[in-house]
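Here is the structure we will look at, set down as structure tokens.
Derivation of every value follows stated rules applied to the coordinates shown; laboratory data play no part. Predicted model only: the values in this text are computed from it and were never measured. Virtual Cβ from ideal backbone geometry, glycine too; neighbours counted across all protein chains shown.
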There are 2 protein chains.
Amino acid sequence: MTTSSTEQQVALVALGGHAFIAEDQKGTIDEHEQNAANICEALMLLVERGYNLVITHGNGPQVGNLLLQNETSRESVVPMPLDVLVAQTEGSLGYMLQNAMLNQLRKRSVKRYVLTVVTQVQVDPDDPAFDNPTKPIGPFMSREEALRRARDMDWDVVEDAGRGWRRRVPSPRPLKIIQRHSIREAASQGHVVIAGGGGGIPIMEDKETGEYKGVEAVIDKDYTSALLAHQVKADLFCILTQVPQVYLNYGTPQERPLGALTVEMLRRQMAEGHFPPGSMGPKVQAIIDYLEAGGKRALITNPQTLPDALDGAGGTHFVGRC
Amino acid sequence: MTTSSTEQQVALVALGGHAFIAEDQKGTIDEHEQNAANICEALMLLVERGYNLVITHGNGPQVGNLLLQNETSRESVVPMPLDVLVAQTEGSLGYMLQNAMLNQLRKRSVKRYVLTVVTQVQVDPDDPAFDNPTKPIGPFMSREEALRRARDMDWDVVEDAGRGWRRRVPSPRPLKIIQRHSIREAASQGHVVIAGGGGGIPIMEDKETGEYKGVEAVIDKDYTSALLAHQVKADLFCILTQVPQVYLNYGTPQERPLGALTVEMLRRQMAEGHFPPGSMGPKVQAIIDYLEAGGKRALITNPQTLPDALDGAGGTHFVGRC
């Protein structure tokens with residue numbers, strides 16, 4: 001494999017929401033930094049093979065912590081809405097990733113700029129998700145407190161079997177990535193670009209004023225990544241997750257790892273219910289979205305398997321219509 | 001005044017730390033948004049006159065709130081270090097400014113991209129500031145608690161006459177703005193760039209590993225702005241503050257507003273002690289830094305006076321060596 005064969009191709013890599021905190025960790029800064037270093041070391045392989053990189057990432061544990069801090073400090077600090085908290089995590093996680101990436105590049109004397117773009121994503125005020133909030137966020141509350149907030153603050157609240165009450169927000173589909181031009185421009189110039197963190201900061205056009213306005217919602221980071229992969233014309237869309245491959249009949253005696261699929265095969269398996277909403281579903285749907293919009297190649301794997309996967313000896317590969 | 005006469009000139013505008021929260025306000029999201037809208041409306045004049053814009057901003061009240069939240073939630077959420085909190089405010093305030101700027105541009109049908117760059121600023125581990133922390137940050141503590149943290153967490157703490165104890169961190173000078181190339185590139189392409197928020201995220205090169213590493217310090221945002229103005233080759237460096245002009249003998253019966261000065265005059269007045277460290281001092285020093293590094297024109301004024309100042313009928317103007 002020579003570098004020149006893939007030169008100037010763009011790879012968009014989506015990192016899982018737990019990329020910065022392993023399962024047995026508390027989420028200290030040292031853990032965040034070490035995990036960011038490991039991920040960026042794995043991504044160096046893509047840089048070495050000549051790809052221009054766009055990186056997206058989740059923010060679940062971090063935005064959860066900010067929501068909890070907002071609650072705990074409500075008496076002394078004016079709480080900020082969810083869109084602002086997502087923006088905070090784009091700053092902090094973008095910084096950690098960008099710093100780790102700079103260190104990996106410098107260690108190898110590779111000269112690339114690294115840029116984190118605070119990314120707004122427009123959603124449709126008429127998205128059916130707004131009539132049916134599905135995403136529980138933030139700390140648990142008592143029934144009393146939950147009902148008070150539902151009344152006073154117009155929150156949608158839900159009981160989570162036995163564990164207490166939580167707020168629930170809509171999860172609309174991403175329509176447009178506001179900073180797509182800048183991201184594409186920077187990536188095509190060879191810079192490593194970190195964007196769309198946490199699925200992006202959700203905004204919508206106010207129906208009366210036409211102004212952009214933040215909205216308290218959570219956009220699925222895999223859907224945003226798929227849209228961004230399309231909009232930056234990524235040659236490869238890679239979702240890094242916790243498993244090395246995608247499986248049929250996952251978790252049953254009939255479990256079978258998938259190696260390579262066309263979008264048609266994938267769509268059929270999706271319809272057959274192989275990929276449940278709570279786990280592989282959104283990732284597979286994101287891959288379908290990307291390929292159906294004209295995307296060429298996609299890959300689902302974990303960081304450890306990425307080197308093999310890039311040689312075709314691991315991971316699950318997807319191709320669009322031929 | 002025609003647009004073409006100043007076309008493609010770059011103006012770097014530094015917004016004060018309280019640009020997002022007026023003195024009588026609590027800092028709600030509505031207040032932040034309204035203030036951001038007002039500031040961006042004032043900056044439209046620079047856009048209309050053909051300037052490419054780079055905007056920097058302070059983050060004092062916001063990072064103070066995050067420190068307080070970190071403290072209040074210490075039992076339930078792992079606290080993050082100061083560099084990460086600065087990164088959080090670059091995300092949140094960058095988002096608010098960027099959204100307000102997009103709305104102003106859209107209202108006028110001006111087609112410009114707006115980009116917030118998460119900005120790291122390198123400082124020197126041998127900067128004398130590290131031996132002499134001067135910047136009090138975060139909430140007040142009891143003497144007992146302060147001394148415990150000094151012992152267990154290696155904090156520098158100080159008693160603040162009668163109000164309790166606080167943590168104190170170093171305020172080193174900015175050496176290098178890591179993302180300067182991307183910022184300059186984007187600004188020269190006509191995009192509005194928001195960068196260097198809160199003086200930038202302080203990092204240093206680890207003496208043993210050579211790696212970039214975050215450091216708990218606060219960089220003066222006016223010094224960072226001056227360095228960035230130099231590095232993006234800004235034609236105009238404008239510091240927006242709360243007063244319309246700079247004064248000699250400020251607050252005395254001999255008070256005199258300054259209209260236009262050369263860097264030599266300014267340096268002499270600085271040496272005479274006209275600009276105290278706690279107020280106009282760092283701004284004047286930043287202007288001196290910028291002009292001595294070869295900068296052309298600088299301006300200190302407030303948003304209300306900016307229109308007059310751009311016509312030479314207000315504000316305090318500075319020019320470099322002729």
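Summary table
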| quantity | calculated |
| --- | --- |
| 10 Å Cβ neighbours from other chains, averaged over peptide A:119-127 | 1 |
| Cα centroid separation - the range B:47-84 against the range A:111-184, whole Å | 22 |
| Within chain B, percent of DSSP bridges classed antiparallel, to nearest 5 | 45 |
| Per-peptide average of other Cβ atoms within 10 Å, ordering A:166-174, A:254-262 highest first | A:166-174, A:254-262 |
| Farthest positive-ward along the protein assembly as shown dipole, Cα basis, beta-carbon charges - from A:P253, B:A100, B:L53 | B:L53 |
| Distances in nm from A:A260 to the matching label points in the other copies, shortest first (labels 7 Å along Cα to Cβ) | 7.2 |
| Whole-Hz ³J(HN,Hα) from phi, Karplus 6.51 cos²θ - 1.76 cosθ + 1.60, for the range B:156-165, glycine and proline x | 8, 10, 8, 8, 9, 2, x, 8, x, 10 |
| Förster radius 22 Å - calculated FRET efficiency between B:S109 and A:T209 (Cβ-Cβ, nearest 0.05) | 0.90 |
| Angstrom value of the Kirkwood radius, inverse mean 1/r, which spans all Cα pairs in the range A:1-158 | 18.3 |
| Counting all C-alpha pairs of the range A:185-322, share separated by more than 27 Å (%) | 26 |
| Nearest 10 degrees, 0 to 90: helix B:281-292 Cα axis against chain B principal axis | 50 |
| Environment charge of B:L82, counting only residues whose C-beta is closer than 11 Å and scoring Lys/Arg +1, Asp/Glu -1 | 0 |
| Shielding by partners, peptide A:95-105 (average Cβ within 10 angstrom, other chains) | 5 |
| Spread of Cα-to-Cα distances over 10 Å intervals beginning at zero, given as percent, for the range A:46-133 | 13, 33, 29, 17, 7, 0 |
| Separation of alpha-carbon centers, the range B:197-220 and the range A:249-266, rounded to whole Å | 46 |
| For B:G17, residues with placed amide H under 5 Å, excluding near neighbours | B:G58 |
| Candidate lysines for bridging to B:K296, where Cα separation is under 27 Å - those fewer than 8 sequence places away on the same chain excluded | B:K176, B:K221, B:K233, B:K283 |
| Fraction of antiparallel bridges per DSSP, the protein assembly as shown only, in percent to nearest 5 | 45 |
| Residue-wise HN-Hα coupling along the range B:231-240, computed from phi with Karplus coefficients 6.51, -1.76, 1.60 (Hz; x: Gly, Pro) | 6, 8, 6, 5, 7, 9, 10, 10, 9, 8 |
| For B:R112, inter-copy label distances in nm, listed shortest first [label point 7 Å out on the Cα-Cβ vector] | 3.1 |
| Helix-only mean residue ellipticity at 222 nm for chain B, each DSSP H run of n ≥ 4 adding -39500 (n - 2.57), per residue, nearest 500 | -11500 deg cm²/dmol |
| Radius of gyration and Dmax over the Cα atoms of the range B:276-322, both given in Å | 11.5, 31 |
| By average C-beta atoms within 10 angstrom, highest first, the peptides A:111-119, B:264-272 | A:111-119, B:264-272 |
| For A:T116, residues with placed amide H under 5 Å, excluding near neighbours | A:I194, B:V118 |
| Mean shadow area of the range A:240-298 over all directions, Cα convex hull, nm² | 4.1 |
| Placed amide H near B:T134: partners under 5 Å, 5+ positions off or other chain | B:V169, B:S171 |
| For peptides A:306-318, A:82-94, sequence by mean Cβ density within 10 Å, most packed first | A:82-94, A:306-318 |
| 7 Å along Cα→Cβ, label-point gaps from A:S188 to other copies, nm, shortest first | 1.8 |
| Share of Cα-Cα pairs in the range B:141-211 lying beyond 21 Å, as whole percent | 55 |
| Shape box of chain A [Cα atoms, principal axes, largest first, Å] | 62, 46, 45 |
| Chain B, rotation onto A, residue closest to that axis via Cβ, with its distance in Å | B:G91, 1 |
| Rounded if a/c under 1.5, otherwise prolate or oblate - the range A:87-168, Cα gyration tensor axes | prolate |
| B:Q254 versus A:H181: modelled label distance in nm, points set 7 Å from Cα along the beta carbon direction | 5.4 |
| Alpha-carbon centroid distance for the pair the range B:291-322 / the range A:25-40, whole angstrom | 45 |
| Shielding by other protein chains, B:108-118, mean Cβ within 10 Å | 5 |
| At 1.567 mPa s and 4 °C, Stokes D of the range B:134-254 from Kirkwood alpha-carbon radius, µm² per second | 74 |
| Translational diffusion of the protein assembly as shown, µm² s⁻¹ [Kirkwood Rh, Cα pairs; Stokes-Einstein; 10 °C; 1.306 mPa s] | 62 |
| Calculated from backbone phi, Karplus (6.51, -1.76, 1.60) coupling profile of the range B:106-112 in Hz, x at Gly/Pro | 5, 4, 9, 6, 8, 8, 9 |
| Cα-based convex hull, the range B:1-94, per residue volume (Å³, whole number) | 100 |
